[in-house]
Amino acid sequence: MEFKEMGLREEILSAIKDIGFEKPTPIQEQAIPHLLSDPSDLIGLASTGTGKTASFGLPLLNYIDTGNKSTQGLVICPTRELCIQITKDLENYSAKMKGTNIVAVYGGTDIQKQIKQIEKTAHIIVATPGRLVDLIKRKKVKLSDVDTVILDEADEMLNMGFKEDIDSILEKTPQDKCIWLFSATMPKEVSQIAKTYMVEPFEITVGGKNETNKNIVHEVYQVKEKDRYAALKRLIDFNPNIYGLIFCRTRRQTAEVADKLMADGYSAEPLHGDLSQAQRDRVMSKFRDKHLQILVATDVAARGIDVDDITHVIHYNLPEDVENYTHRSGRTARAGKNGTSIALINTKEGGKIRSIEKIIKTEFQHKKLPDPQNIIAKQLFQMITEVKESEVDEAAIEQYMPEVMRQLGEFSAEDLVKRFVSVEFNKFVNYYSNSSDLDATGSSSRTSKGRSDDENKNRFFVNLGKKDGLNQGALLRLICDNSNVNKDAIGKIDILNNFSFFDADKDITELILGKLQNIDFEGNKMHVEQTKSGGNARKNTGGQRKNNGGRRGDFSKKNDGPRGKHGSRERRRKRR
Ligand code: AMP
C-alpha cells in the first residue's frame, strides 16, 4: 500500500514526500492504516530502525487538532537522545501542518525553558519518564485531555527501571486514552504493562518476536584476551569507511579503548556516564553529523542512540546480559539498510555466542581476522579513491604552485604518485609489517614478516613483490650490486605478493637506504624503507586519518516548507 492510499492528511503526505519517504516500511504499512481507522490500543513489536517513529508519528499527527491548545498526544521514551530524535521527526512530519507544537521534555537540561514551551502550547509532548514525573509533580503539565499515549521502546524503559514512573504517568492520563506500545522484545514486564493498562490491544509484529533485523550480518572473531585491542584495530583498518559503534562493558574500558584509538590516530571518542551532559551532547552531535567515525560507548550511554547509516556495531566485549546483544546490534541496518555486527570473543566465550544465536535465531559467521596484506591493500586503494575524488581548489592553491613546482618538478609523474601515496601508506605498511597472527582459533600459523629476529640486523621494506617477478635471488642481487655490500650482511628475505622484506646488518642501514632507491627492476622502480620495530600500536601508525568521516554527507531531513491547513479530528475511543 502507498502512503497516499492510507488516509493521511495532504500536509503530512507532502511533508514526508519532501523528506524522501517513497514507500512505507513493513511496520508503517501495517500500523498506519490500522491506526487511522481504529486508534484504540496497539502493540507494535519492532526493533529500532524499522521506521516505527513514523508508524506511530504519522497517525498521531493526523489526529491532532491544532485549533485545540491542549496536550493531545504523549510520547514516552527511555532516553534524552531518543526524545530529541522523535521530536525532530515529528516536527519534520508536521512541517506543513500550520501551528502544530511539539515539545520535548527530558532531564539534564533547564526545566524552566521546557515549562515555558509547554505553557505556550504543546499539542504533543515527547518525554523521558523521570522529567515528566517531575513536571507532573510541579503541576506544569496538564494531561487530562491526552487521547493517545505512546510508549516507545517499552522494554528499554523497564530495563532502565522506569516502571514506577510509567505507572504514575499513566495514572495521570484519562481512563479512555489509547495506548500504542512499541517494543523490540516482549519480556514479561512489558506484557504486564499491557495487561494492566491496555484493552484488547491489536498486535503488529515486524519480523519474529525477539528476532533481530535480517539485514544484519553477525560475525565473530576469536582472539586471545591480550590481543583484543590489536584485533579491533585490524577490523577498523580493514573497513576504512566504517561509521561504527563500539560497545564496551564498563565506563573504564570505554574510556581506555577510546583513548587508545584516539592516540593511534583514529576518529574516535567515548560516550559513557562519567562524562557531563554537555560533553555527551557534543560527542553525539559530532557523531550524528559524521564528523566522528567511531563512537565507543557503554550499553547505558548508547541507549536510544538513533543514528542512521551506522555500518558496524562492534562488541569489544559481549554484553553481560546476552539479551542486550539484540539492542546493541539493532543500532545498525536501520531502515532496510545492511549492517554488520561484530563480536570479539576470547577462547572461553564460545558458549555465549551459542546463547546469543538462540536468541537472535541466526548463526554467527565465524571469521578470521583480516590478513595484514589485505588490510594494506584495502587502505591503499581507499586512499587512491580519496585522491581521485578530492576536489582541487584552484584559486587557493594557485599562489603556492610555482614553489611547489620548483621543489617537485624534477620528479616523474610515477615517482610523485608513489611519494604522495606513501606519506600515509607507509604508516600502515610499517605497522602491519610487524604484526603477527592474532587469530586464536588455532588454524593459522603465519609468522611475523616484518620484524628481524636478529638483534644485529634491521628489517627493510621493498615495494616490489612476487607479482613484479621478484624472488629471493633477484632481490639479493639487486641489494648487493647496487649498494656494494657483501651478501653475508643480508639476512632473512621474505617475498610477498605485492612487496617484500629483508634483514641487513644495522651498520649498513644508511648505505641501503641511500643506494637502493629508484632502482629499475624489470621496468618497475624499486624503493626501500626501514620498517619500524616493535609490533604494538603506535601513535600515527596504523589508524585512519582523522576527520575523514564527514565524507558521507548530511542526511538531515529538516523541512522548512510552508505549513498548510489541517482537517478536523474525529476519532473513536474505547471507553473503559
Ligand atoms: P525509526 O525506526 O523510526 O527510527 O526509523 C529509522 C530510519 O528510517 C529513520 O532515519 C527514518 O527517517 C527512516 N525511515 C522511516 N520510514 C521510512 C520510509 N518509509 N522510507 C525511507 N526512510 C524511512
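Points to keep in mind about this one:
- Selected residue [surrounded by fewer than 24 Cβ atoms within 10 Å (Cβ to Cβ) and either of a type in the set (Gly, Ala, Ser) or within 25 Å of the chain's Cα centre (by Cα) (or both)] from SER40, SER55, SER47: SER40
- Of residues in the range 414-435 being surrounded by 14 or more Cβ atoms within 10 Å (Cβ to Cβ) and acidic (Asp, Glu), the one nearest to PHE381 (Cα to Cα): GLU424
- The one condition in (1) surrounded by fewer than 24 Cβ atoms within 10 Å (Cβ to Cβ); (2) near the ligand (Cβ under 10 Å from one of its atoms) that GLN28 fails to fulfil: (1)
- Unique match (being within 16 Å of the ligand (Cβ to nearest atom), basic (Lys, Arg) and out of contact with any Gly (no Cβ under 8 Å at 6 or more places or on another chain)) among ARG334, ARG252, ARG303: ARG303
- Answer residue from the range 311-325, given it is surrounded by fewer than 22 Cβ atoms within 10 Å (Cβ to Cβ) and touching a residue at least 40 places away in the same chain (Cβ under 8 Å) and is farthest from ALA255 (Cα to Cα) among those: GLU323
- In the range 231-244 there is at least one residue that is buried (at least 18 other Cβ atoms within 10 Å of the Cβ) and within 16 Å of the ligand (Cβ to nearest atom).
- Here the range 10-25 is the region considered, the condition is being within 8 Å of the ligand (Cβ to nearest atom) and touching a residue at least 24 places away in the same chain (Cβ under 8 Å), and the residue that is surrounded by the fewest Cβ atoms within 10 Å (Cβ to Cβ) is GLY20.
- Subset of the range 77-95 (residues that are closer than 18 Å to SER285 by Cα and in contact with a strand residue (DSSP E or B) (Cβ under 8 Å, 6 or more places away or on another chain)): CYS83, ILE84, ILE86, THR87
- Hey, ILE86 within 12 Å of the ligand (Cβ to nearest atom) and touching a residue at least 40 places away in the same chain (Cβ under 8 Å) or not: yes
- Of all residues in the range 145-163, those satisfying the criterion of being within 22 Å of ASP65 (Cα to Cα) and touching a helix residue (DSSP H, G or I) at 6+ places or on another chain (Cβ under 8 Å) are ASP147, THR148, VAL149, ILE150, LEU151.
- For the range 365-413, a residue qualifies if it is aliphatic (A, V, I, L, M) and either touching a residue at least 60 places away in the same chain (Cβ under 8 Å) or surrounded by 13 or more Cβ atoms within 10 Å (Cβ to Cβ) (or both), and the qualifying residues are LEU369, ILE375, ILE376, ALA377, LEU380, MET383, ILE384.
- Condition met for SER94 (modelled with pLDDT of 95 or more, within 16 Å of the ligand (Cβ to nearest atom) and in contact with a helix residue (DSSP H, G or I) (Cβ under 9 Å, 6 or more places away or on another chain)): yes
- Residue that is over 23 Å from the mean Cα position of the chain (by Cα), at pLDDT 90 or above and of a type in the set (Asp, Glu), where the choices are GLU403, GLU349, GLU389: GLU403
- Condition met for VAL141 (in a loop (DSSP other than H, G, I, E, B) and crowded, with 21+ Cβ neighbours inside 10 Å): yes
- Which numbered condition LEU476 misses (of (1) touching a strand residue (DSSP E or B) at 6+ places or on another chain (Cβ under 9 Å); (2) at pLDDT 80 or above; (3) under 26 Å from ARG234 (Cβ atoms)): (3)
- Listed by first and then second residue, the pairs with beta-carbon distance under 8 Å, at least 6 apart or on different chains, first residue in the range 47-66 and closer than 10 Å to TRP180 by Cβ, second within 13 Å of the ligand (Cβ to nearest atom) and polar (S, T, N, Q), are SER55/THR25; SER55/GLN28; SER55/GLN30.
- Pairs where the first residue, in the range 222-251, is without any contact (Cβ under 8 Å) to a residue 60 or more places away in the chain and the second is surrounded by fewer than 24 Cβ atoms within 10 Å (Cβ to Cβ) and among the small types (Gly, Ala, Ser), C-beta under 6 Å, 6+ apart: ARG251/GLY273
- Test: residue in the range 2-9 that is acidic (Asp, Glu) and away from the ligand (no atom under 16 Å from the Cβ): no
The values are calculated or read from the model by the stated rules, or taken from the named source; none is laboratory data. In this text, all values refer to a predicted model and were calculated from it rather than measured experimentally. Note: ideal-geometry Cβ built from the backbone for every residue, glycine included; neighbour counts use all protein chains shown.
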